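The values are calculated or read from the model by the stated rules, or taken from the named source; none is laboratory data. Note that this is a predicted model, so its numbers are computed, not measured. All Cβ positions, glycine included, derive from the backbone under ideal geometry; neighbour counts span all protein chains shown. These accessible areas exclude ligands, DNA and RNA; they are computed on the full protein's heavy atoms, side chains included. Shrake-Rupley method; radii C 1.70, N 1.55, O 1.52, S 1.80 Å.
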Amino acid sequence: MAGKWELYTDKSGEYRFRLKAGNGEVIALSSEGYSSKSGALNGIDSIRRNVDSEIVETD
């Protein structure tokens with residue numbers, strides 16, 4: 001089963017999202033709440049566009 005994005009509202013009424021792996025494990029969460037659904041969807045879109053990023057180790 002493929003992973004999926006879940007869009008939901010938190011206790012304060014803000015939109016948030018999480019990415020779940022095919023086994024149901026949460027592998028990414030939105031770091032902020034969004035006041036609009038479209039804002040949260042734009043956040044998901046931004047991650048999807050930038051997912052092919054390099055890995056950089058820091059000290």
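Taking 7 Å steps out from each Cα toward its Cβ at residue 8 and residue 48 produces label points 2.0 nm apart. Of the listed values (1) 10.4; (2) 5.4; (3) 3.4, grab the one calculated as mean projected area of the Cα convex hull in nm² from the structure here. Label (2) holds the value from this structure. If you sort 44, 27 by accessible surface, 1.4 Å probe, largest first, the order is 27, 44. Around the Cα centre of the chain, unit charges on the Cβ atoms of Lys, Arg, Asp and Glu (plus for the first two, minus for the last two) sum to a dipole of about 420 debye. For the chain, the residue among 30, 56, 12 whose Cα projects farthest onto the positive side of the dipole built from Cβ charges is 12.
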